[in-house]
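Heads up, the thing below is written out as structure tokens.
The values are calculated or read from the model by the stated rules, or taken from the named source; none is laboratory data. From a predicted model like this one, the values you see are computed outputs, not experimental measurements. Here the Cβ is made from the backbone with ideal geometry for all residues, glycine too, and neighbour counts use every protein chain on show. Ligands, DNA and RNA are excluded from the accessible area calculation, which covers all protein heavy atoms including side chains. Shrake-Rupley method; radii C 1.70, N 1.55, O 1.52, S 1.80 Å.
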Amino acid sequence: QFNRVIQSRRQPGSAFKPIIYAAALDQGMNAAQIILDSPFISDRKPGGEAWKPKNYKEKFYGPTLLRTGLVKSRNVITVKILRRIGIDYAVDYARNLGITSELTPDLSLALGSSGVSLMELTRAYSVFANGGMLVEPIFVKKVVDRSGQVVEENQPRVQQVISPETAFVMTDIMKAVIQEGTGWRVKALNRPAAGKTGTTNELRDAWFMGYVPGLTTGVWVGYDEPREMGKGETGSRAASPIWLYFMSEVLEGTPVLDFEVPQGVVFAKIDAKSGLLAGPHSEKTVLQSFKKGTEPKTYAHKPSAPKAGQFSQFDMDSY
């Protein structure tokens with residue numbers, strides 16, 4: 001009588017963040033951009049109480065690459081990105097990706113505070129998997145009668161809603177979520193995959209949204225009457241193992257494929273701290289994709305100790 005996939009609306013938590021990051025890429029930001037992970041205070045609504053978003057481990061990490069913000073699921077970074085690109089723009093972007101549920105127009109949107117259905121969030125992730133194309137879900141492909149005559153046949157409606165380049169860069173970052181971040185359990189799939197975990201306040205909802213070339217799957221775990229699931233029951237621990245088990249069974253015996261790179265995408269080895277091109281003094285580097293023309297052009301130099309007062313209050317609040 002109640003289909004949780006279609007009818008239920010639950011907070012997606014950090015599983016909503018890729019929509020914010022994709023919107024940022026299409027407003028001119030790039031994966032190597034530096035954002036300051038520092039204390040941030042804002043009124044959620046005019047005249048409301050001060051809101052102080054914090055990271056899961058209640059720490060701040062200072063200057064952080066945009067890609068790292070998603071890979072490590074940093075809450076404050078995502079809130080600052082949303083503040084920079086604009087709430088209305090982000091809401092419209094989510095609508096463009098197939099999100100139809102009501103979205104609260106405040107900064108908490110960055111942390112997945114608005115309820116969505118598992119179906120619409122899976123559909124939104126499929127846009128990244130499909131090279132930017134939004135697909136209208138169908139449930140019945142074909143109906144034939146006993147003599148083999150086709151009684152009904154349905155074809156999904158497809159619409160290009162974001163560029164293939166944006167879709168691929170987001171896929172590249174979400175591959176790093178699995179290789180370097182909160183989706184680490186999915187590495188056991190042993191094939192290229194992209195995805196994102198999601199966990200809500202008080203551990204009431206756990207999500208893992210992910211895809212491989214040709215298949216997108218979303219997993220939600222929680223109680224019908226929202227309540228805490230137990231200590232440590234995050235998207236990484238509660239949801240991603242289900243996704244891994246299902247995908248391992250479905251993909252068994254199928255070819256191992258990687259995501260196709262669009263012509264408008266280039267790769268660059270960057271310094272993991274500065275976001276500049278990796279130089280001889282770079283301690284840690286990452287190979288990152290960029291929309292052609294947005295990649296870093298200068299090389300990282302030897303790091304120096306920050307001067308006293310280098311980051312002002314203005315810097316902290318502006319990022």
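Of all the residues in the stretch 46-81, those that are open to solvent by 30 Å² or more (accessible area, probe 1.4 Å) and small (Gly, Ala, Ser) number 3.
Kindly establish whether Gln11 is in contact (Cβ under 8 Å) with a residue 12 or more places away in the chain, open to solvent by 10 Å² or more (accessible area, probe 1.4 Å) and farther than 25 Å from Thr285 by Cβ. Considered against the rule, which asks whether it is in contact (Cβ under 8 Å) with a residue 12 or more places away in the chain, open to solvent by 10 Å² or more (accessible area, probe 1.4 Å) and farther than 25 Å from Thr285 by Cβ, Gln11 comes out as yes. Within the stretch 49-71, residues that are within 18 Å of Ile19 (Cβ to Cβ) have Cβ atoms under 7 Å from residues that are open to solvent by 20 Å² or more (accessible area, probe 1.4 Å) and in a helix (DSSP H, G or I) in these pairs: Pro53/Asn75; Pro53/Leu111; Val71/Glu180, counting only partners at least 6 apart in sequence or on another chain.
Within the stretch 68-115, being more than 22 Å from Asp205 (Cβ to Cβ) and in contact with a strand residue (DSSP E or B) (Cβ under 6 Å, 6 or more places away or on another chain) holds for one residue alone: Lys80. Figure legend. Inter-residue proximity from the stretch 235-257: first residues assigned to a loop (DSSP other than H, G, I, E, B), second residues small (Gly, Ala, Ser) and open to solvent by 50 Å² or more (accessible area, probe 1.4 Å), beta-carbon distance below 8 Å, spacing 6+ or different chains. Indicated pairs: Leu257/Gly214.
In the condition set (1) surrounded by 12 or more Cβ atoms within 10 Å (Cβ to Cβ); (2) in a loop (DSSP other than H, G, I, E, B), Gly218 is compliant with all but (2). What single numbered condition from (1) within 22 Å of Gly195 (Cβ to Cβ); (2) part of a helix (DSSP H, G or I) fails to hold for Arg84? With respect to (1) within 22 Å of Gly195 (Cβ to Cβ); (2) part of a helix (DSSP H, G or I), Arg84 is out only on (1).
Would you say Phe40 is out of contact with any Asp or Glu (no Cβ under 6 Å at 6 or more places or on another chain), touching a residue at least 60 places away in the same chain (Cβ under 8 Å) and surrounded by fewer than 24 Cβ atoms within 10 Å (Cβ to Cβ)? For Phe40, the condition - out of contact with any Asp or Glu (no Cβ under 6 Å at 6 or more places or on another chain), touching a residue at least 60 places away in the same chain (Cβ under 8 Å) and surrounded by fewer than 24 Cβ atoms within 10 Å (Cβ to Cβ) - is met.
For the residues Ser108, Ser126, the requirement of being touching a residue at least 24 places away in the same chain (Cβ under 8 Å), closer than 22 Å to Ala193 by Cα and among the polar types (S, T, N, Q) singles out Ser126. Looking only at residues of the stretch 258-298 that are of a type in the set (S, T, N, Q) and part of a loop (DSSP other than H, G, I, E, B), we find that the one that is least open to solvent (accessible area, probe 1.4 Å) is Ser282. Selection within the stretch 101-123: residues that are surrounded by fewer than 21 Cβ atoms within 10 Å (Cβ to Cβ) and in contact with a helix residue (DSSP H, G or I) (Cβ under 6 Å, 6 or more places away or on another chain). The member of this set that is farthest from Glu136 (Cα to Cα) is Pro105. Looking across Val91, Val71, one residue alone is modelled with pLDDT of 95 or more, aliphatic (A, V, I, L, M), over 26 Å from Arg9 (Cβ atoms) and in contact with a Leu (Cβ under 9 Å, 6 or more places away or on another chain). It is Val71.
In this structure, does Pro137 turn out to be farther than 30 Å from Phe267 by Cα and in contact with a helix residue (DSSP H, G or I) (Cβ under 7 Å, 6 or more places away or on another chain)? So Pro137 passes the test.
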